[in-house]
Every structure is written in C-alpha cells, then in structure tokens.
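I have placed the structure first, in the form of structure tokens, so that the comments after it can refer back to it.
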Amino acid sequence: MAQLTFRESIARGIAQEMRRDESVVFLGEDVGAAGGVFKGTVGLLEEFGGIRVRDTPISEQAILGAAMGAAMTGLRPIAEIMFSDFFAVCWDIVANEIAKSRYMTNGQMSFPLVIRSGNGGGLRFGAQHSQSVENWAMMIPGLKVVVPSNAVDVIGLMAASIRDNDPVVFLEAKSLYSSKMDVPDGDIVDTLGSAKVLRQGSDATLVALGAMVPRALDAAEELATNGINCTVVDVRSLVPLDTATILREVSATGRLFTVEENPRLCGWGAEVTSIVADEVFYDLDGPIVRITTPHIPLPAADALEDLAIPSVERIVTTIHKSMNS
Amino acid sequence: MASTKVAPAQSDVAQKIAMYKSQFALRQFETRAYDLFLENYVKGTSHLSIGQEAIAAGVAAAMRPTDWTFATYRGHAHTLARGVPMTPVFAELMGRTNGLMAGKGGSMHLTSVEHGVMGSYAIIGAHLPIACGAAWSAQYRGTDQVAVAFFGDGSVNIGAFHEALNFAAVWKLPVIFFCENNLWMEYTRTSDVTAVVNPAADRASAYGLESIIIDGNDADEVYEVTSRAIARARAGDGPSMIEAKTYRHGGHSRADPGKYRPAEEIAEWMAKDPIPRYRLRLLESGVSESELLEIEAQVNAEVDDATEAAKAGGVPGEDLLMKDVWADGGAAWRN
Ligand SMILES: Cc1ncc(C[n+]2csc(CCOP(=O)(O)OP(=O)(O)O)c2C)c(N)n1
C-alpha cells in the first residue's frame with residue numbers, strides 16, 4: 001500500500017501495462033524527457049526508453065493519426081492530447097477516422113488505442129484550457145469514454161482501457177491531479193462500463209463524474225447532517241454506460257440529481273435523464289434535476305470559475321431546495 | 001527546385017505486360033462503374049481514376065503484398081491494383097452484401113486489409129498521418145513494411161499534410177507520400193489557390209525531402225521512381241514524396257461533366273492518355289498485337305462477369321446495420 005497522487009497513478013497505470021505488453025507504446029508532446037506538462041508520465045522514458053515513449057512535434061493530427069495507423073497494424077498506442085480543448089484541432093482523426101473506420105470496413109480493422117487528455121477546469125487557465133469535453137466524445141458512435149475520479153480507478157481503468165480492443169478517450173480531471181489516495185500494491189485492472197456506488201442513502205441519488213464525484217460526496221455528507229440521505233454513483237465510464245446501476249439506484253431513492261462539469265447543453269446528464277425518464281419514470285418521486293456548469297465558456301478569474309463549475313455549496317442548496325419544495 | 005527525371009528502365013517484359021493489363025483493367029472497371037452509375041445501380045457518389053491508371057498500376061507493381069496502401073475517396077484503382085477482385089468492389093459500389101465491406105463503406109472507403117489496402121479516406125489529408133502511424137508500427141516492430149499514401153494536388157494546403165510530412169521526416173518513417181497532380185481540385189484549378197507551382201514537390205524541401213516530379217502517365221517511370229523511394233524507406237532512410245503529373249479524363253465525381261476545363265487542356269492530356277501510350281510502347285518492344293488483344297478480351301470478360309456477380313448480391317439488412325461498431329462485433333453502448 002502506498003499513498004499516490006492521481007497524477008502518479010497515471011504513470012503507474014501506463015507502466016503496469018507497458019511491462020506486460022511490448023505492443024503498448026506512448027506518444028505525445030513533452031511526455032518523455034519532461035514527464036508531461038502535468039507530470040503524469042514521469043519515469044516512463046527512463047524505464048521504457050525513447051523507442052516506446054516518444055516526444056512528438058506540436059501536431060495533434062499527426063499524434064492521433066499515428067496512433068490510429070499504429071493501432072490498425074498491431075500496436076496498442078497511448079496518445080496524449082495535453083489539454084482536452086485541443087481535441088478541436090484533431091477532431092477529424094477522432095470523430096471521422098478512429099471512430100468510424102471499424103464500422104465502415106465491416107469489422108476489418110480494430111483500433112486498440114487510448115487517447116488520454118487533461119480535462120476540465122479548476123486551474124484558472126481560462127476558456128481554451130479548461131473545458132470539460134466529455135460530451136464531445138460521448139456523442140460520437142465508436143468511441144469509448146472513460147473518466148476516473150480517484151487514483152485507484154485511474155490505474156485500473158487505464159489498464160482496462162489499454163487492454164480494450166476499441167478506441168478509448170480517457171479524460172483526466174486536471175483539478176484532481178494532486179488528489180491523493182492509498183493505492184494497493186500489485187497490478188490493478190478494472191472493468192469498463194461499471195459505475196460504482198460510493199455511498200448509499202434513501203432519499204436521493206446523485207450521479208456524478210470525474211471531478212464532480214468528490215464534490216458530490218462532500219455534498220452528500222453535508223446533506224446528511226440536514227436529514228437528507230443520498231446515494232452517490234460514480235459513473236466512471238460514459239461509453240459503455242452502466243445504466244443498470246444508475247437505474248437501480250435511482251429507483252431505490254426515487255430522485256435523480258446529475259452533477260456535471262460539462263457546459264449544460266447536451267451534457268451526459270441529459271442522456272442519463274432521458275434514460276431514467278423512459279425506463280423508471282413511475283419510480284420517481286420528484287423532478288430530475290441537472291446540476292451543471294452554465295452554458296458559457298469558462299472564465300479565468302478564480303472567483304468566476306468557482307461560480308461556474310458546480311460547487312459543493314451549489315449541489316447542497318440545489319438538492320435542498322428541490323427536496324423541500 | 002531540383003527535379004529528378006528518370007529514363008524508363010528495363011523492367012522485364014512479363015512485368016510490363018502485367019502493368020499494361022492492370023492499367024487496362026482499371027480503365028475498363030471505371031468505365032463500367034460509370035455506366036452502372038448512369039443505370040442507377042451505383043447510388044451514392046463515386047470518383048473515377050480514368051486517365052490516372054498508370055499511377056495506381058506502377059506504384060502497386062513496386063510494392064510487396066505486405067506493404068500498405070492508404071488511398072483517398074478516388075480509390076477504386078488503388079484498391080484493384082493491389083489485387084482486390086472486381087466483384088466485391090463493384091458490389092460495394094452497389095451497396096450489396098457481397099461488397100468489400102458488405103455495403104457499409106461505399107465507393108469512398110474501399111478497404112481490404114488482407115490485400116494491404118488499409119482504407120480509402122474521404123476527409124482531405126487525414127490519411128497522411130494515419131499512414132505515418134502504420135509506418136511507425138513497421139519501424140517499431142522491425143519489419144520492413146512500407147506505407148504509401150496517395151493524395152491529390154488539392155490536398156497539399158490542408159494542415160494534416162504538413163503535420164504528416166514533418167512527423168514522418170523527424171521520425172524517419174518508411175512512408176511514401178504520393179501526390180497525383182491532376183491539376184484540378186473539385187471545380188477549382190489548384191494553381192489558383194496554391195502558393196507554389198508544384199503543389200507537393202515545391203514543399204518537399206521544407207521537410208528536408210528531395211523534390212521529385214515525374215510523368216504520372218508513364219507506368220514505367222512511376223514504377224521506377226516508386227521502387228527507389230520504397231527501397232530507401234525499407235533501408236531505414238526515411239520518407240519520400242513524389243509528385244506525378246497526370247489528368248483525370250472525366251469530372252471530379254459522379255455526373256460532373258468537367259465543363260470548367262478548357263478544351264485545349266483536355267485535348268492535350270487525352271493525347272497523353274497513359275494506356276494507348278503504354279500499349280504502343282509494348283508493341284514497339286516486340287509484344288504481339290494478338291497477345292494484347294487476348295489480354296484485353298480477358299479483362300473485358302472479367303468486367304462483365306464481375307458486374308453480373310455483383311448485381312446478384314443480396315441487399316444488406318438490420319443484422320449488418322448494428323454490427324461491428326465495437327471489436328466484440330456489436331453496437332451496444334449500455335447494459
Ligand atoms: C477536409 C475536406 N475538405 C473538403 C472536402 C471536399 N472535397 C472532396 S474532394 C475535393 C477536391 C480534392 O482535390 P485533390 O486533392 O486535388 O484530389 P482529386 O479529387 O483531384 O483526386 C474536395 C474539396 C473534403 N472531402 N474534405
């Protein structure tokens with residue numbers, strides 16, 4: 001058992017898989033000698049060498065194109081896109097090439113690759129380095145989308161993503177990079193498409209993702225002191241989506257609150273809401289409420305950014321109001 | 001700009017006859033594909049390579065079966081030239097279950113992994129970095145496979161082209177960037193919107209590559225120059241870019257009559273049609289007229305048979321619709 005930060009877990013998860021499988025390679029900007037701009041890949045170059053851990057030019061299309069071409073010919077590449085906002089300059093490769101090619105070729109090709117990227121706000125970086133883009137990725141048929149919320153899950157879900165035979169967009173909440181956790185020794189391998197119930201309550205179910213998970217847990221803690229007992233579900237993977245766990249937990253409490261960092265329109269919570277409304281409507285005891293970042297580009301100032309992204313306080317007051325109305 | 005001119009070399013007669021047969025077959029296939037479009041058997045769009053066959057035939061002849069082709073939406077010829085039979089290609093254009101991808105890809109996305117045809121890509125420039133990835137994988141695994149990416153003259157002004165060239169050069173990847181310069185994008189002349197005269201070759205030096213311009217209507221020259229580039233790539237000496245001057249006889253796609261092109265220009269290029277030219281060269285080198293006629297009859301029969309076999313294919317249904325989004329063969333995104 002060792003205490004690891006979220007960022008240290010990234011390197012640990014990648015290293016775990018690179019040790020067991022020669023076909024796993026890693027490429028990105030500043031990932032080798034520099035160890036990543038968020039220090040998420042420190043030590044990989046030293047352990048695996050420059051042939052397997054390669055620094056690239058600032059060429060996001062080339063990075064992801066190379067990952068795709070390597071994946072279709074037998075490697076299992078991991079590609080880093082430094083900030084997820086940068087997906088906008090290489091989205092063709094993600095959305096048109098990687099995501100569609102298996103289907104278009106009637107299954108002739110597989111794309112066992114992972115695209116990992118620093119996602120979301122909290123670092124006061126302003127609108128072009130802070131967006132939560134999980135909804136961009138979720139709406140593309142052919143992509144799996146994984147968003148861990150803690151250091152242990154980072155390792156296990158990274159391993160599962162690397163071993164998966166489909167392309168996985170692996171989004172790392174930047175605001176969690178320095179969060180710490182006790183991590184067991186030895187290999188950790190998790191399962192994609194499995195949500196986790198982190199807390200059980202009888203009054204309401206909070207469904208949260210990534211950086212919103214610890215906030216939902218803190219909010220639940222606070223609400224409990226006011227007599228509102230909440231279940232908290234960590235979604236962990238948007239595609240595949242563990243609707244069975246979500247539906248079960250929503251039915252049990254009769255209330256659903258989603259907690260989402262993405263800007264409001266077409267956020268993942270809208271899809272969850274629609275599934276719940278379709279399938280367990282008669283188990284509901286009150287309205288479904290989505291708690292999201294407003295539909296705005298993220299501002300830089302700490303005071304403004306804190307107003308935008310759902311805070312523990314906003315989660316608590318929203319739930320409180322809705323439960324007592 | 002240094003331009004490399006190469007005298008047609010003496011590849012052996014059997015190979016030349018094979019290259020003639022390949023070019024003739026590509027021409028006959030494309031002509032039939034056009035007819036099938038007019039007869040409404042081919043529903044969506046298609047982009048023919050009529051006039052550009054020497055490139056597909058010459059490059060394919062220089063490749064090994066284990067090498068990889070990355071084509072554009074104008075990819076029928078490149079697919080067939082690597083040995084993919086005509087029937088599944090016709091059937092794919094017609095959207096039948098016996099199509100190369102059972103109708104799920106269509107004309108613009110022809111792929112046959114078993115023949116090294118690693119896809120046809122319809123977003124301009126996208127496949128250049130993807131070809132780099134395949135080349136990287138060959139380099140990493142220590143095989144001597146080479147990737148060849150074809151693209152048009154209009155594709156040199158998109159970012160992916162430049163990203164791929166630089167990437168391939170710095171990683172010394174075994175990849176050949178092959179520009180088929182047919183002078184036109186869709187309906188715009190490439191020179192009207194391009195800062196340099198030779199759209200690909202004039203950019204080569206920016207990536208430390210040799211500037212290579214060839215006659216794309218001469219299969220022997222295409223074969224020779226490509227063979228050298230491939231040998232270089234196999235030896236670990238990195239990428240090459242080749243710009244081949246050529247012309248599409250028809251319009252950009254489907255029913256485009258290509259009226260925007262001046263008659264003199266068309267006439268000039270029709271006179272340089274690669275197929276009669278190559279045929280004449282074979283006759284002059286001693287191949288008999290009767291042998292060529294026999295080859296042509298064989299090809300025509302093959303086109304007829306393949307057309308009928310393709311038409312006989314089934315209509316794809318629901319089972320195919322929901323198949324192969326994921327590696328497990330399915331399309332489920334939830335439990
Ligand atoms: C990114 C992108 N922009 C525009 C198009 C539409 N488009 C398809 S083909 C084409 C012309 C391409 O010309 P060129 O590269 O010279 O190839 P050719 O068709 O002559 O073989 C255009 C503009 C596209 N498919 N992708």
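No lab work stands behind these numbers, since they all come straight from the coordinates. Remember, predicted model here, so these are calculated numbers, not experimental data. Here the Cβ positions follow ideal geometry from the backbone for every residue, glycine too, while neighbour counts run over all protein chains shown.
General observations
- Cβ-Cβ under 7 Å pairs, at least 6 apart or on other chains, the range B:38-53 side farther than 18 Å from residue B:274 by Cα, far side hydroxyl-bearing (Ser, Thr, Tyr) and within 13 Å of the ligand (Cβ to nearest atom): B:44/B:107; B:45/B:107; B:45/B:253; B:46/B:107; B:46/B:253; B:47/B:73; B:47/B:253
- Some residue of the range B:150-168 being closer than 18 Å to residue B:212 by Cα, part of a helix (DSSP H, G or I) and away from the ligand (no atom under 16 Å from the Cβ): yes
- Residue B:231 vs. criteria surrounded by fewer than 18 Cβ atoms within 10 Å (Cβ to Cβ), closer than 28 Å to residue B:133 by Cβ and touching a Leu at 6+ places or on another chain (Cβ under 8 Å): no
- So residue A:171, is it farther than 22 Å from residue A:316 by Cα, within 14 Å of chain B (Cβ to nearest Cβ) and of a type outside the set (Val, Ile, Thr): no
- Of all the residues in the range B:20-63, those that are hydrophobic (A, V, I, L, M, F, W, C) and within 19 Å of residue B:247 (Cβ to Cβ) number 11.
- The C-beta contact set for the range A:41-55 (first residue hydroxyl-bearing (Ser, Thr, Tyr), second residue assigned to a helix (DSSP H, G or I), distance under 6 angstrom, 6+ apart or interchain) comprises A:41/A:11.
- Boolean, residue B:147 is under 22 Å from residue B:77 (Cβ atoms), within 16 Å of the chain's Cα centre (by Cα) and facing chain A (nearest Cβ under 9 Å): yes
- Selection within the range B:110-130: residues that are more than 14 Å from the chain's Cα centre (by Cα) and part of a helix (DSSP H, G or I). The member of this set that is nearest to residue A:100 (Cα to Cα) is B:130.
- Of the residues contained in the range A:25-39, none is found to be in a helix (DSSP H, G or I) and under 17 Å from residue A:77 (Cβ atoms).
- Some residue of the range A:12-30 being out of contact with any Asp or Glu (no Cβ under 8 Å at 6 or more places or on another chain), surrounded by 20 or more Cβ atoms within 10 Å (Cβ to Cβ) and over 25 Å from residue A:181 (Cα atoms): yes
- Against the list (1) under 18 Å from the mean Cα position of the chain (by Cα); (2) more than 14 Å from chain B (Cβ to nearest Cβ), the condition residue A:146 fails is (2).
- Of all residues making up the range B:286-313, the number that are away from chain A (no Cβ under 14 Å), surrounded by 11 or more Cβ atoms within 10 Å (Cβ to Cβ) and not in a helix (DSSP H, G or I): 2
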